[in-house]
Amino acid sequence: MEKKTKQISVGGVLIGGGAPVSVQTMCSTDTRDAENTAEQINAAAAAGCDIIRVAVPDMEAAKAISDIKKRINIPLVADIHFDYRLALEALAGGVDKIRINPGNIGSVDRVRAVARACEERNVPIRIGVNSGSVEKALLEKYGGPVPEALVESALGHARILEDVGFSDICLSVKSSDVVTTVKAYRLLSARCDYPLHLGVTEAGTEYLGAINSAVGIGSLLLDGIGDTIRVSLTADPLREVPAGIAILKAAGRRTGGVKFVSCPTCGRTEIDLISLANEVQGRLEGINRDITVAVMGCVVNGPGEAREADFGIAGGKGEGLIFKKGEIVKKAPFEALADELIELIERDR
């Protein structure tokens with residue numbers, strides 16, 4: 001059962017309160033280069049990204065926000081540390097959300113200034129705690145960046161905003177350790193009703209990072225925890241978006257689009273199943289329809305799975321059967337299977 005959290009709006013995209021779980025990524029460009037940054041944002045949006053974040057390390061980057069906003073059509077988040085003036089400038093430029101830790105931007109007056117500017121523009125704040133950013137006192141108290149330390153840090157930062165009357169807040173408690181991440185979010189979910197931004201920080205390269213993220217984020221989604229996600233990969237940010245969408249679909253938190261099913265290889269397979277599955281899956285990327293497509297390699301489970309799908313292939317010896325909604329359409333040689341299947345799908349619109 002999904003936990004009902006407080007709802008916030010990020011440039012019109014709702015987070016929490018039963019809204020669909022949104023997918024985020026972060027630009028790898030120099031934010032000061034507005035044209036290049038906007039180009040990457042638009043590519044991410046085309047890939048299915050709902051919300052995107054940029055680093056704002058200095059005032060020049062903060063001033064570029066207004067130019068970037070003119071060139072894009074999805075909500076923009078400014079990632080800010082230490083200097084509250086960067087947050088104020090980003091807000092003046094029309095940013096849709098601020099990622100900040102109130103405890104590291106100075107006095108209560110500075111926190112109040114940022115909170116007031118956010119409130120005037122209906123801009124929420126994400127408090128993002130990572131295992132590498134936990135305060136020294138909490139590390140000493142708990143003996144390291146354990147789940148309890150991450151949660152206490154996040155709630156402590158939230159109280160700073162609450163004390164100045166601001167509650168339009170989203171929280172995250174990320175660790176590079178999957179188990180720590182999951183435990184921290186479960187603790188945090190039990191202690192507050194703020195919407196939660198899920199992610200495993202520093203998850204690794206594309207392959208390893210996707211696995212760590214799927215286990216961490218997926219576990220929490222299956223618990224009913226989580227309102228928006230970011231898959232952090234040491235890779236092109238555009239690779240984070242399909243990974244996030246795939247995790248949501250696997251966890252049953254997003255529907256629509258092509259669902260692709262393929263079986264593992266075994267000694268009964270008599271076609272080149274791996275190349276066939278990869279080719280079909282690649283060619284399906286340009287098809288935006290709510291269908292299931294199965295590519296199966298042998299006569300044991302193949303016909304049954306292919307019949308259950310909207311469209312499918314059941315492999316035989318150097319050939320295969322092509323199915324549409326449970327019925328055999330034709331038999332084709334291996335070399336023609338991908339073409340015949342894709343043509344059938346494209347004709348059936």
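Checked against (1) modelled with pLDDT of 95 or more; (2) surrounded by fewer than 20 Cβ atoms within 10 Å (Cβ to Cβ); (3) not hydrophobic (A, V, I, L, M, F, W, C); (4) not in a helix (DSSP H, G or I), S219 passes all but a single condition, namely (4).
Residue count for the stretch 146-176 satisfying the condition of being among the acidic types (D, E) and open to solvent by less than 70 Å² (accessible area, probe 1.4 Å): 2. Within the stretch 58-81, track down each residue that is open to solvent by 40 Å² or more (accessible area, probe 1.4 Å) and at pLDDT below 95. Across the stretch 58-81, the qualifying residue is only H81. Exactly one residue among G286, G282, G326 is open to solvent by 70 Å² or more (accessible area, probe 1.4 Å) and without any contact (Cβ under 8 Å) to a residue 24 or more places away in the chain, and that residue is G286. Could you tell me which residue of the stretch 102-144 is farthest from the chain's Cα centre (by Cα), considering only residues that are of a type in the set (D, E, K, R) and outside any helix (DSSP H, G or I)? Across the stretch 102-144, the extreme among qualifying residues is E135. Only one of the numbered conditions (1) over 30 Å from I51 (Cα atoms); (2) of a type in the set (G, A, S); (3) buried (at least 19 other Cβ atoms within 10 Å of the Cβ) is not met by G318, and that is (3). S66 meets each of the listed conditions (1) part of a loop (DSSP other than H, G, I, E, B); (2) more than 25 Å from P195 (Cβ to Cβ); (3) free of Cβ contacts under 8 Å to residues at least 60 places away in the same chain apart from (1).
Of all residues in the stretch 130-145 being out of contact with any Ser or Thr (no Cβ under 9 Å at 6 or more places or on another chain) and closer than 24 Å to D79 by Cβ, which is surrounded by the most Cβ atoms within 10 Å (Cβ to Cβ)? Can you show your working first?
Here is the first cut: in the stretch 130-145, the ones out of contact with any Ser or Thr (no Cβ under 9 Å at 6 or more places or on another chain) are 136-137, 139-143.
Subset that is closer than 24 Å to D79 by Cβ: 136, 139.
Values: K136: 7, L139: 15.
Out of the qualifying residues, it is L139.
Take the conditions (1) over 15 Å from I271 (Cβ atoms); (2) in contact (Cβ under 8 Å) with a residue 12 or more places away in the chain; (3) open to solvent by less than 70 Å² (accessible area, probe 1.4 Å); G304 misses just one of them, which is (2). If you go through the stretch 272-313 and pick out every residue that is over 24 Å from K249 (Cα atoms) and either of a type in the set (D, E, K, R) or assigned to a strand (DSSP E or B) (or both), you end up with 1. For the stretch 119-137, taking the residues that are polar (S, T, N, Q) and at pLDDT below 95, the one that is farthest from E202 (Cα to Cα) is identified as S133.
For the criterion of being over 30 Å from E39 (Cα atoms) and open to solvent by 20 Å² or more (accessible area, probe 1.4 Å), V182 fails. The numbered conditions (1) in contact with a helix residue (DSSP H, G or I) (Cβ under 8 Å, 6 or more places away or on another chain); (2) not in a helix (DSSP H, G or I) are all true for G224 except (1).
Within the stretch 259-273, does at least one residue satisfy the condition of being within 21 Å of the chain's Cα centre (by Cα), on the phi < 0 side of the Ramachandran plot and surrounded by fewer than 17 Cβ atoms within 10 Å (Cβ to Cβ)?
Here is the first cut: in the stretch 259-273, the residues within 21 Å of the chain's Cα centre (by Cα) are 259-260.
Narrowing further to those that are on the phi < 0 side of the Ramachandran plot: 259-260.
From the residues that got through so far, the ones that are surrounded by fewer than 17 Cβ atoms within 10 Å (Cβ to Cβ) too are 259.
For the stretch 259-273, residues within 21 Å of the chain's Cα centre (by Cα), on the phi < 0 side of the Ramachandran plot and surrounded by fewer than 17 Cβ atoms within 10 Å (Cβ to Cβ): present.
The values are calculated or read from the model by the stated rules, or taken from the named source; none is laboratory data. Quantities reported herein were computed from a predicted structural model and do not represent experimental measurements. Neighbour counts run over all protein chains shown; Cβ positions are idealised from the backbone, glycine included. Heavy atoms of the whole protein, side chains included, go into the accessibility calculation; ligands, DNA and RNA do not. Shrake-Rupley method; radii C 1.70, N 1.55, O 1.52, S 1.80 Å.
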